[in-house]
Amino acid sequence: MRSLLRRAQEFGYISERNARYLWMRLSSLGGTTEPVPLEPERPAFVRSLVERHLHEFKYSMRDMAALLHQNVDEFKAEYLLHGGPLRMA
């Protein structure tokens, strides 16, 4: 609801006065949190890029670490340990 209200306000679909009223009303009803708890999203795009470079383009872990200005242990900790080991193609 907060997102809809913010976008309606941004695009001028509601006046400042109406927006202020709706924000206060939403807050009074407890509308400051999501109605259902949401799990944080796990980023998948960067991981898929790393997998592609390692498997399809045949970069070594040392090459990838160097490109990212990291040592191999830092690279492994940041890109390989989250979500389990990378699958081999």
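The values are calculated or read from the model by the stated rules, or taken from the named source; none is laboratory data. This is a predicted model, so every value here is computed, not measured. Every residue, glycine among them, receives a Cβ derived from its backbone with ideal geometry; neighbour counts consider all protein chains shown.
Structure notes:
- Among the helices (runs of 4 or more DSSP H) confined to the stretch 12-73, the ones with at least 2 residues that are over 24 Å from the mean Cα position of the chain (by Cα) and in the same structural domain as residue 1 (by TED's automatic domain parsing) are located at 16-28.
- From 2, 7, residue being modelled with pLDDT of 90 or more and of a type outside the set (Phe, Trp, Tyr): 7
- Any hit, the stretch 38-46, residues being basic (Lys, Arg) and surrounded by 10 or more Cβ atoms within 10 Å (Cβ to Cβ): no
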